[in-house]
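*Asks:* Quick one: the structure is below, questions incoming.
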Amino acid sequence: MILDRVRGGLYGVAVGDAFGAALEFMSPKEIKLKHGRLKEIVGGGWLKLKPGDWTDDTEMTLAVAEGILAGPHDPVPYIGERFLEWLKTNPPDIGNTIKAAFVNYQRLKDWHKAAEAVHDGGMLTAGNGALMRTLPVALAYRDAADIYMMSMQIARMTHWDPEAGLTCFLYCLFARELLSGIGEKITAWKKVTGEFLKMVPERFSEIAQRVVQEKLKNIWEWPESRLNPGGYTVDTLACAVWCFLNQGNFEEALVCAVNLGGDADTVGAVTGGLAGVHWGFDNIPERWTAKLSPAQKSRLGRLAEAFKKIVVL
């Protein structure tokens, strides 16, 4: 059961990313004209991907996962090593905030100073590039205080704005609750948002309250027209949580998420992480996982086995 949920989370990110990549930067109207309602992993998109290819969302998620496994008590240096290895592959889809943090790191040799310098330089650092890679924190840590600390530390390797780290923390608390097998999704979300507000330290409490009590208030009741699948971290979390709470299975949640368009690969990846830990790997459509290459499946499988050994519910 635990392996099924852990695999589900990791595969969910990868499948959601590969599924959404075909629709990135498209509007719902453009998607409808070209695909109707897309339900298959077709590749293409602005990156001209093969069906099943994933993007920076999955690459950075797996870097976080591998870094945590290498040094769970202080994962930042290990994650950073893997980020830099990935950078050597010349990825075509690296975000501006992340790229700027990487450049600063080469000079400063300190991830948090590098990200702070990006923020202080006037760049917007509340984008979703931290949220998209944060799921492994929920798989590795049980205690809410640890989840807070690791969510913030890993987010702030590139995204210094507190909202980026706080949305990662909220997402990981929710994923962790789902991993434990909670039945009713909206009940779980309500429980987790309360816990989130109690756990956030005083210096960030006003921001946290604004996120939960204003920007995400009663999200399960929103009309779809209120969703904005752009690059702002709170908007991405809103899209993912809304699709997850309002759909009845993994496939429906992912179809909902990616057909919003916009930053569809990231919305797909973030939704897939939640849906995967809740419904498990066995409920991911086989026709989607079949699009992944043997090498991709091997990497995901190895990580799932490694995390299964450290998950404590």
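*Asks:* Report yes if E195 is surrounded by fewer than 24 Cβ atoms within 10 Å (Cβ to Cβ) and within 20 Å of G9 (Cβ to Cβ), otherwise no.
*Replies:* yes
*Asks:* Related question: Counting just the residues of region 38-94 that are among the hydroxyl-bearing types (S, T, Y) and surrounded by fewer than 21 Cβ atoms within 10 Å (Cβ to Cβ), which one comes out nearest to L254 (Cα to Cα)?
*Replies:* Among those residues, the one meeting the criterion is T89.
*Asks:* Please specify each residue of region 108-143 satisfying the condition of being assigned to a loop (DSSP other than H, G, I, E, B) and either in contact with a Pro (Cβ under 7 Å, 6 or more places away or on another chain) or β-branched (V, I, T) (or both).
*Replies:* Matches in region 108-143: T125, T134.
*Asks:* Still on this structure: Here's a check for you: in region 201-220, which residue that is surrounded by 15 or more Cβ atoms within 10 Å (Cβ to Cβ) and under 20 Å from the mean Cα position of the chain (by Cα) is farthest from A164 (Cα to Cα)?
*Replies:* Residue satisfying both the conditions and the ranking: I219.
*Asks:* Of everything in region 155-183, what is within 21 Å of G121 (Cβ to Cβ), under 15 Å from the mean Cα position of the chain (by Cα) and not in a loop (DSSP other than H, G, I, E, B)? Give them in sequence order.
*Replies:* A155, E163, A164, G165
*Asks:* Separate question: Any chance region 118-127 includes a residue that's modelled with pLDDT under 95 and more than 23 Å from V13 (Cα to Cα)?
*Replies:* Yes, there is a match, as at least one residue in region 118-127 is modelled with pLDDT under 95 and more than 23 Å from V13 (Cα to Cα).
Residue-wise test of (1) in contact (Cβ under 8 Å) with a residue 12 or more places away in the chain; (2) among the β-branched types (V, I, T); (3) in a loop (DSSP other than H, G, I, E, B).
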position: R203; (1), (2), (3): no, no, no
position: S225; (1), (2), (3): no, no, no
position: G248; (1), (2), (3): no, no, yes
position: V255; (1), (2), (3): yes, yes, no
position: V270; (1), (2), (3): yes, yes, no
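*Asks:* Okay, moving on. Can we say F250 is surrounded by 20 or more Cβ atoms within 10 Å (Cβ to Cβ) and of a type in the set (F, W, Y)?
*Replies:* For F250, the condition - surrounded by 20 or more Cβ atoms within 10 Å (Cβ to Cβ) and of a type in the set (F, W, Y) - is met.
*Asks:* Here's another thing I want to ask about it. Go through the residues of region 257-270 one by one and say whether even a single one is within 25 Å of S27 (Cβ to Cβ), touching an Asp or Glu at 6+ places or on another chain (Cβ under 6 Å) and of a type in the set (V, I, T).
*Replies:* For region 257-270, residues within 25 Å of S27 (Cβ to Cβ), touching an Asp or Glu at 6+ places or on another chain (Cβ under 6 Å) and of a type in the set (V, I, T): present.
*Asks:* Something else: Any residue that is of a type in the set (D, E) and more than 25 Å from L49 (Cβ to Cβ) - is there at least one of those in region 89-106?
*Replies:* No, region 89-106 contains no residue that is of a type in the set (D, E) and more than 25 Å from L49 (Cβ to Cβ).
*Asks:* Hey, another quick one. Would you confirm whether or not region 157-177 contains a residue that is among the basic types (K, R), farther than 19 Å from L62 by Cα and in contact with a Lys or Arg (Cβ under 8 Å, 6 or more places away or on another chain)?
*Replies:* Within region 157-177, none of the residues are among the basic types (K, R), farther than 19 Å from L62 by Cα and in contact with a Lys or Arg (Cβ under 8 Å, 6 or more places away or on another chain).
Per-residue answers, yes or no, for (1) assigned to a helix (DSSP H, G or I); (2) aliphatic (A, V, I, L, M); (3) under 15 Å from Y171 (Cα atoms); (4) at pLDDT 95 or above:
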{"site": "L197", "(1), (2), (3), (4)": "yes, yes, yes, yes"}
{"site": "E206", "(1), (2), (3), (4)": "yes, no, no, yes"}
{"site": "V234", "(1), (2), (3), (4)": "yes, yes, yes, yes"}
{"site": "C243", "(1), (2), (3), (4)": "yes, no, yes, yes"}
{"site": "D265", "(1), (2), (3), (4)": "yes, no, no, yes"}
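*Asks:* Then there's this: Please determine, by comparing only the residues of region 272-297 that are of a type in the set (V, I, T) and assigned to a helix (DSSP H, G or I), which one is farthest from N128 (Cα to Cα).
*Replies:* Ranking the candidates gives T289 first.
*Asks:* From the list A295, A275, pick out the single residue that is small (G, A, S), over 19 Å from the mean Cα position of the chain (by Cα) and either over 25 Å from V42 (Cα atoms) or at pLDDT 95 or above (or both).
*Replies:* It is A295.
*Asks:* From L292, L274, L260, L300, which residue is over 25 Å from I68 (Cα atoms) and in contact (Cβ under 8 Å) with a residue 40 or more places away in the chain?
*Replies:* Unique residue meeting the criteria: L260.
The values are calculated or read from the model by the stated rules, or taken from the named source; none is laboratory data. The structure displayed is predicted, hence computed values, not measured ones. All Cβ positions, even for glycine, are placed from backbone atoms using ideal geometry, and neighbour counts span all protein chains on display.
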